[in-house]
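First the structure, in the form of structure tokens, and then the observations on it.
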Amino acid sequence: MRLTAEERGFFETQGYLVKQDLISPEWVAEIRADLAGLHERMAEQPAEGVHVSWEHEVDPTVQRRIKQLMHAELVSPALDRLCRSDEVLDVVADLIGPDISLYHCKLLMKAARDGTVTPWHQDYSYWVTPDNQPLMLNCMLQIDASTHENGCLQMVPGSHRQGLVEHDTKAIPFGRFLPGYFQPRPDAVPIPISAGSAIFFGPLIIHGSDANRSDHDRRAVTLAYNVTGNATRGSRGGVRGEGSD
Ligand SMILES: O=C(O)CCC(=O)C(=O)O
């Protein structure tokens, strides 16, 4: 798969790009099967190497709900395959070039009724170091369809062009956010997409998502890639190009 000039132009001006039906329904079903009972399994015994952030508004004496799980490739063979798939990497290579390394693979569980807001932020506010540049790229793939009601991703088109802006901080998951946290923004665009579709976006675009007010989970995975050699923290090694192993 190669991007059209129109798609590249859209990504450059708007800061994101939607690819409908990036993977097959069968692959989505495999991912879902790998994730069955994940909240309960991780509450009992987190898998080695993963890092779980829990929904902080859920009473842990009643139940636990995962907000995000870092290094999701370790809990799902189908996600592990996705990180290295041509379906994803062909688009990534078109957008950031052929030398790509995996930065992280993160599950965003946004559980039915319990999934909380992700405040407005730029990912680079988490990733910036004195010796790197904002060259990373996210592929956020929906495991369940995202809708207005279940808290689909919202983007502020073109906001990547203003560079990194100052964030407030708080010691909670997604604890870096723009002033106002998740106040309504007239310049934000909700992007509901089907399961198996993905949104590609860079590290400087402002984005966030509302709470899940529905009875259905809104699970997604974010595959973040970096250009090989752009200094990182936490890179899991090359997947393509000169940094491959
Ligand atoms: O789960 C979401 O809706 C937002 C995730 C997000 O903003 C991120 O991973 O940077």
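The values are calculated or read from the model by the stated rules, or taken from the named source; none is laboratory data. Given the structure is predicted, the values throughout are model-derived calculations rather than measurements. Heads up, the Cβs are rebuilt from the backbone with ideal geometry, glycines too, and the neighbour counts pull from every protein chain shown.
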Gly115, sole failed condition from (1) touching a strand residue (DSSP E or B) at 6+ places or on another chain (Cβ under 7 Å); (2) within 26 Å of Asp34 (Cβ to Cβ); (3) near the ligand (Cβ under 10 Å from one of its atoms) | (1)
Residues of segment 17-32 that turn out to be in contact (Cβ under 8 Å) with a residue 24 or more places away in the chain and out of contact with any helix residue (DSSP H, G or I) (no Cβ under 8 Å at 6 or more places or on another chain), as a count = 7
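Suppose we keep only residues that are within 14 Å of the ligand (Cβ to nearest atom) and surrounded by fewer than 16 Cβ atoms within 10 Å (Cβ to Cβ) within segment 148-171. Which one would you say is nearest to Lys19 (Cα to Cα)?
Checked segment 148-171; the qualifying residue nearest to Lys19 (Cα to Cα) is His148.
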Here are some conditions: (1) at positive phi; (2) surrounded by 14 or more Cβ atoms within 10 Å (Cβ to Cβ). Gly180 meets all but one. Which one does it not meet?
-> (2)
Filter segment 212-229 down to residues that are modelled with pLDDT of 95 or more, farther than 14 Å from Asn138 by Cβ and in contact with a strand residue (DSSP E or B) (Cβ under 9 Å, 6 or more places away or on another chain), then give me how many there are.
-> 2
Test Ala145 against the stated conditions and say whether it is among the small types (Gly, Ala, Ser), more than 14 Å from the ligand (Cβ to nearest atom) and part of a loop (DSSP other than H, G, I, E, B).
-> no
Do any residues in segment 86-107 that are among the basic types (Lys, Arg) have Cβ atoms under 7 Å from those of residues that are not in a strand (DSSP E or B), where the two are at least six apart or on different chains, and which pairs are they?
-> Lys106/Ala72
